[in-house]
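**Student:** One structure, pasted below without further comment.
The values are calculated or read from the model by the stated rules, or taken from the named source; none is laboratory data. As the structure is a prediction and not an experimental result, all values here were calculated from the model. Please note: Cβ atoms are built from the backbone with ideal geometry, for glycine as well, and neighbour counts cover all protein chains shown. Areas reflect the complete protein model, heavy atoms only, side chains present, ligands, DNA and RNA absent. Shrake-Rupley method; radii C 1.70, N 1.55, O 1.52, S 1.80 Å.
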Amino acid sequence: MLFSSITFLFYFLPILLIVYFVVPKKFKNLVLFIFSLFFYFYGEPKYGFLLLISCIINYIMGSLIEKHRKYAKVFLIITLVYNIGQLLYFKYLDFFIENVNNIFNTNIKFMYIVMPIGISFFTFQTISYVIDVYNKKVEASKSFLNFATYVCLFPQLVAGPIVRYETISEELKNRKSNYDTFALGVKRFAIGLFKKVLIANLVGELCASLSVLTNQSVMSYVFQAVGFTLQIYFDFSGYSDMAIGLGLFFGFHFLENFNYPLVASSITDFWRRWHISLSSFFRDYVYIPLGGNRVSLLKWIRNIFVVWFLTGFWHGASWNFILWGLYFAVILVLEKKLYGKYLNKTKVFKYIYTTVLVVISFVIFNCETIGDIKIFLSSMFGFFNLPLVNSETLYYIRSYLVLLIIAIIASTPLLKVIGNKLKKLEFLEPVIYIGIIILVTAYLIDSSFNPFLYFRF
């Protein structure tokens, strides 16, 4: 069930809000847990039981880790083996089989396992929980209902952000929902809807149209690359905004997941701003335990490549994702040790440099095979003797030019600055948000194009 769907917006969410705010405080987590399970089972009826089993196992093991410190490491290892093993089985087993067959010329049959929705997100949440309990960073949850609500909480269940237990542990036990918090949640949710439905979906339509042109050109590939970069940013950041807004409805404060990454001044800066919950997860649970940057140069380079291999691999069982991660590893090493300090001294070039490298990265990310990546990049940089532009390309560029300009402006803090100034005109703010809801509803009723890219991961 997509947040940007008629079913969610006009059936699931209103019913949940009515029930949630009617029941006494002691039943509110139970209501959220039940509705979150329904939300998940609605989209994933086959593997819904895995979510419940994960809750039970991680709750029990977290308690054992805290109560029996003598054997805490044993319990931690058992739990990590279960969590990581579950992820490897459902997400990567056929990928491993395919590569074993290719390398050893074997004929092992594929399992054709369907990956449960959101398994990458809720598995990383439970991993962070048991590690934090082991490190005495948080206390193990005394209530199974509270813990299960944390894991299953529908706003962040299937697409993040990766919410750590420490972030909302107190709010699971005692939180306040008031008018101001709810109103802020509505605004944030509306902004997310705007980004997802009225920008990401429409830019996605442009990319889909350009990808099937009979006569391609250099500019058709360039606009596909730029368009996909904008689409995935507004798609995922819009969903994160909606998740944060929904959390505020119920008194939860999730951490930010994006901070205008497309205006970054370096790739290092980009990854401080993009998918913050994922990059901070790998920093705290992989990079720092490996020694971080407090090791020799060779070990530091190893740490960087391990983290970025895993970052790429987390996104999917395909070599293009691994290449995407290693691509960033190489650039980050070069920025840190070779030219980063010179790059920072430039005024304009650092932004052009970052934008070009980010757009190239999402070509790698979006192409399904290494061969597709070579063809796309070669075409984009004019190595296949394609015309610079043609009439078909110009038609779509003209048709979507206003949208692209809006998307580029919206990827900067400019609209936020304008919005803050408009707050002084109190009568205008609700009109804007109501207008967004009306426009989104009209689009959803009229259009069948409503994908969500990160469901793949």
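**Student:** Read phi for every residue in the range 310-326 and hand back ³J(HN,Hα) as whole Hz from Karplus 6.51 cos²θ - 1.76 cosθ + 1.60, θ = phi - 60°, with x for Gly and Pro.
**Tutor:** 5, 4, x, 5, 4, 6, x, 8, 7, 5, 5, 5, 5, 4, 4, x, 5
**Student:** Using θ = phi - 60° and the Karplus form 6.51 cos²θ - 1.76 cosθ + 1.60, what ³J(HN,Hα) does each residue of the range 349-354 get, whole Hz, x for Gly and Pro?
**Tutor:** In residue order, the calculated couplings are 4, 4, 6, 5, 4, 5 Hz.
**Student:** Quick check for you: with a 1.4 Å probe and neighbouring chains kept, what is the accessible area per residue of the range 1-41, in Å²?
**Tutor:** 50
**Student:** What are the chymotrypsin sites (Phe, Trp or Tyr not before Pro) within the range 105-137 that DSSP puts in a loop, where the Cβ has at most 16 other Cβ atoms within 10 Å?
**Tutor:** Filter output for the range 105-137: PHE110, TYR112.
**Student:** If you take every residue apart from LEU248 with its C-beta less than 13 Å away from the C-beta of LEU248, what net charge results, scoring Lys and Arg +1 and Asp and Glu -1?
**Tutor:** So the environment of LEU248 carries a net charge of 0.
**Student:** Roughly how many nanometres apart are two label points built 7 Å out from the Cα toward the Cβ at ILE406 and HIS68?
**Tutor:** 5.9
**Student:** What would the Debye formula give as log10 I(q)/I(0) at q = 0.09 Å⁻¹ for the alpha-carbon point model of the chain, no solvent?
**Tutor:** The Debye formula, applied to the Cα set alone, gives -0.65.
**Student:** Sorting check: for 335-346, 203-214, 153-164, which peptide has the highest mean count of neighbouring beta carbons within 10 Å, and how do the rest follow?
**Tutor:** Highest to lowest by the protection proxy: 153-164, 203-214, 335-346.
**Student:** A further question follows. Using just the helices of the chain, give the 222 nm mean residue ellipticity in deg cm²/dmol: DSSP H runs with n ≥ 4 each add -39,500 (n - 2.57), and the total is spread over all residues, rounded to 500.
**Tutor:** Theoretical 222 nm ellipticity from helices: -21000 deg cm²/dmol.
**Student:** 7 Å from Cα along Cα→Cβ at both ASN215 and VAL286: what's the point-to-point distance in nm?
**Tutor:** About 4.6 nm, to one decimal.
**Student:** Additional query: Can you compute the label reach from VAL356? Point 7 Å from Cα along the Cβ direction, backbone N cut-off under 19 Å, restricted to the range 314-349.
**Tutor:** 327-336, 338-349
**Student:** Need the list of lysines near LYS195 for cross-linking: C-alpha distance under 23 angstrom, and skip anything on the same chain fewer than eight residues off.
**Tutor:** Within the straight-line limit of under 23 Å, LYS195 reaches these lysines: LYS187, LYS416, LYS421, LYS423.
**Student:** Using label points projected 7 Å from each Cα along Cα→Cβ, tell me how many nm separate LEU255 and ARG302, to one decimal.
**Tutor:** 2.7
**Student:** Using R₀ = 22 Å, calculate the FRET efficiency as 1/(1 + (r/R₀)^6) where r is the Cβ-Cβ separation of ILE108 and LYS46; round to 0.05.
**Tutor:** Working from the Cβ atoms, E equals 0.40.
**Student:** Separation of the range 126-161 and the range 52-77 by C-alpha centroid, Å?
**Tutor:** 12
**Student:** Within a Cβ distance under 15 Å of THR167, other residues only, what is the Lys/Arg minus Asp/Glu net charge?
**Tutor:** Here the count lands on -3.
**Student:** Enumerate the whole-percent occupancy of each 5 Å bin, from 0 to the last occupied one, for all C-alpha pair distances of the range 312-375.
**Tutor:** For the range 312-375, the binned pair fractions read 4, 18, 23, 21, 15, 11, 7, 1 percent.
**Student:** Which lysines have a Cα less than 24 Å from the Cα of LYS25, not counting those fewer than 8 places away in the same chain?
**Tutor:** LYS142, LYS173, LYS176
**Student:** On to the next question. When the Karplus curve 6.51 cos²θ - 1.76 cosθ + 1.60 is applied with θ = phi - 60°, which whole-Hz ³J(HN,Hα) does each residue of the range 273-287 get, with x for Gly and Pro?
**Tutor:** 10, 9, 6, 4, 5, 6, 5, 6, 4, 5, 4, 7, 10, 10, 4
**Student:** Using a Cα-Cα cut-off of under 16 Å, which lysines could be cross-linked to LYS341, ignoring same-chain neighbours fewer than 8 residues away?
**Tutor:** The reachable lysines, counting only those whose Cα sits under 16 Å from LYS341, are LYS350.
**Student:** While we're looking at this one, here's another question. Tell me, what is the percent relative contact order of the chain, built from C-alpha pairs under 8 Å that lie six or more residues apart?
**Tutor:** 18
**Student:** If you don't mind, another one. What is the gain in length, in nm to one decimal, between LEU338 and SER143 on full extension, counting 0.36 nm per residue of separation less the C-alpha to C-alpha distance?
**Tutor:** Extending this stretch completely gives an extra 65.1 nm.
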